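The values are calculated or read from the model by the stated rules, or taken from the named source; none is laboratory data. Note that the structure is predicted; figures quoted are calculated from it, not measured. No Cβ is skipped: glycine too gets one built from the backbone with ideal geometry, and neighbour counts run over all protein chains shown. Protein only, heavy atoms only, side chains kept; ligands, DNA and RNA dropped before computing areas. Shrake-Rupley method; radii C 1.70, N 1.55, O 1.52, S 1.80 Å.
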Amino acid sequence: MDVRSFLAERPPFSALGEDELDRVVASVEIEHFPPGAVILEQAGAPATHLYILRKGAIQIVDEGEVIDEVGDGEVFGMWSLLGQVTPLATVRAAEDSLCYLLPKDVASQIFQSTPGIAFVVSTVRRDLLHSQENRKAAIDPARYRQVGAIIRRPPVTCGPETTVAEAADLMARERISSLLVRHDGQLGILTDRDLRSRIVAQRRSADTPVREVMTPQAQTIGADAMAGEVLLTMLEGGFHHLPVVDGGHLVGVVTDTDLMGIGRDTPFALKSAIERAPDRATVVEAVRDLPRVITALVDASTDPVDVGHVIAFTIDAATRRLLELGIAELGEPPVRWAWLALGSAARQEQAIRTDQDHALAFEGDSDVAEPYLGRLAELVTSAMEEAGFPRCRGNVMATNEALRLSLHSWVDRYDVWMNEVDPKASEQLSIVFDYRQVTGDLVAEPRLDEAMVSARQRPQFLRRLAHRALDLRPPIGFVRGLVTEHGGEHPGAIDLKHGGILIIGNLARAHAIASGVTAKRTLHRLRGAEAAGRIDAETREGLEEAFRFLWEVRLAHHVERMRLGHEPDDFVDPKELGDVARQGLKESFRIVARAQKQLALDAGVRAR
């Protein structure tokens, strides 16, 4: 394979245009390194070239210990070259190795492009995660076991015409809590909960065939998935059993009980404790355990986006249980209703410390609904406040009568908001236009989604959303340095939330709504906007990498502050970060700034 073909298949070169790639290939130097040759020396002279391993084996050595290896097609020397600083570790050839070398000016131009910046950020995340691998394994290696290794026994199956009496007898004899049912080329599942809720509770006959009460299409998981991944799938879907398959072959069933063995500081254990809480005080006590669970996840280098989802799942579980307890206390609601999460709760992108943003929709007479729903909202809100989630300072909560509306009124209210020109309205919509139904017997989201889709036909409103995405600016200067606060409460620090994370969320919302995309999560919105042709793949990939990296730094900062006995905040002093993480921040903020500039051009607006 020639130089051009080799580079064209590997990032960041694979994202370059034909002319750019030709220029890179023309500048390539080829050098051979024999075994033991030192290519870069720790604390030595800065790198003058970017190195790409063509073939061979390269080791990264820190104080005499091999900490990493470079594979074919991977780059090294990037941090020293970009920052013109001494190498953080020694780089040496472990065997005969052939490398392609790019001069500094050519490499710098690559890393100033959007795909190049995204490559830098993704490399930062990989390097930081790699440096934590030993720590991760020491905390809880079971989290990273493949789920196929957890399966205790082969699957037990029955046919769709089996009676529930026969199925119950089989489950008792086999001492299992579920049966798998093959039918019509699909895989169904019958659980002990199904028997209780769909047979006993409804007083149905023991001769009822399994097909009438089973879940006809069970969600499955691959045998190579990590236990932690399965845990998140169960949390999000509310599952207690997941069939495990390996290359189309059914291996068995993993249960929530199996995953409880991962350790007590698990999201599932916490969610289970909340769901089984007999009263408000017990719910509050369980939710207060959330910081410890999140700390364990952060220590284990869990994907930061997944950590945000875990926090949202936990708050959802607490909200649902508190609503159940409130209804038990107040009696059945006089109307059908829906509890809506708003803002970051709707996006499932919440940090360890977050305030409450929610609303209520209902169907029926307001005079009948209002007294009851107001009391119910207060029961939930006050309990969540006790659990450590303060009330929204802007009063964006279901306790506010203005946010308890009939579904019809909600649709009308969206129409009014989209026609308003008051800048304050776009600020409110940055919260209220992010919604997600948590629970309730009134299906509200489809009607609200219709209102969201109609927004793409309102150019004035879309311009307001674009302005909202340009209101905040990332903390970078003209010379690519990080700009910290000079005064105020956090001198020398950078606001990760308002300087990056929130901006990416605002950009994603503006692009998604303009594309008619109804997804709520930031990454889903970006992917939807790309699929609709609103943004290109480079912009989406860059923003996604920046979003993950900034969340990773944010959560690590929160955990560190809690360990020191301080309240978590979003203000990070760059001087307290390592060189690699600092470079990652710079590149992440550059991605955000470029995306803002592109949005301003596309929308025909000027940044404030």
Response to the item:
Note: among VAL213, VAL244, just one is under 24 Å from GLY148 (Cα atoms), of a type in the set (Val, Ile, Thr), open to solvent by less than 40 Å² (accessible area, probe 1.4 Å) and under 36 Å from the mean Cα position of the chain (by Cα), namely VAL244
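The rows are residues; the columns are (1) crowded, with 21+ Cβ neighbours inside 10 Å; (2) part of a helix (DSSP H, G or I); (3) at pLDDT below 95.
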{"site": "GLU370", "(1), (2), (3)": "no, yes, yes"}
{"site": "ARG375", "(1), (2), (3)": "no, yes, no"}
{"site": "GLU378", "(1), (2), (3)": "no, yes, no"}
{"site": "SER382", "(1), (2), (3)": "no, yes, no"}
{"site": "GLU385", "(1), (2), (3)": "no, yes, no"}
{"site": "CYS392", "(1), (2), (3)": "no, no, yes"}
Discussion item. Given the criterion among the aliphatic types (A, V, I, L, M) and more than 26 Å from GLY237 (Cβ to Cβ), identify the matching residue among ALA377, ALA317, ALA312, ALA346.
Written reply: ALA377
Discussion item. Any residue at all in region 565-582 that's part of a helix (DSSP H, G or I), open to solvent by 30 Å² or more (accessible area, probe 1.4 Å) and within 24 Å of VAL307 (Cα to Cα)?
Written reply: yes
Discussion item. Can you tell me which of (1) crowded, with 17+ Cβ neighbours inside 10 Å; (2) free of Cβ contacts under 8 Å to residues at least 12 places away in the same chain; (3) among the aliphatic types (A, V, I, L, M) is the one ALA149 doesn't meet?
Written reply: (1)
Item to complete: Starting from region 572-588, take each residue that is more than 19 Å from PRO87 (Cβ to Cβ) and list its partners that are aromatic (Phe, Trp, Tyr), counting only C-beta distances under 7 angstrom and pairs at least six apart or across chains.
Response: SER588/PHE549
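Just to be sure before I move on: is GLU69 open to solvent by 50 Å² or more (accessible area, probe 1.4 Å), without any contact (Cβ under 8 Å) to a residue 40 or more places away in the chain, acidic (Asp, Glu) and on the phi > 0 side of the Ramachandran plot in the structure I sent?
So GLU69 does not fit the description; no.
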Worksheet item: When you scan region 192-210, how many residues do you find that are over 18 Å from SER177 (Cα atoms) and either exposed (fewer than 13 other Cβ atoms within 10 Å of the Cβ) or basic (Lys, Arg) (or both)?
Response: 5
Practice prompt. Could you pull out the residue among ARG561, ARG548, ARG527 that is open to solvent by 50 Å² or more (accessible area, probe 1.4 Å) and within 19 Å of the chain's Cα centre (by Cα)?
Written response: ARG527
Response to the item:
In the set ALA346, ALA338, the lone residue that is open to solvent by less than 40 Å² (accessible area, probe 1.4 Å), of a type outside the set (S, T, N, Q) and touching a Lys or Arg at 6+ places or on another chain (Cβ under 6 Å) is ALA346
Practice prompt. Kindly state which helices (runs of 4 or more DSSP H) lie completely within region 1-104 and contain at least 1 residues that are among the charged types (D, E, K, R) and closer than 24 Å to PRO115 by Cα.
Written response: 3-8, 18-27
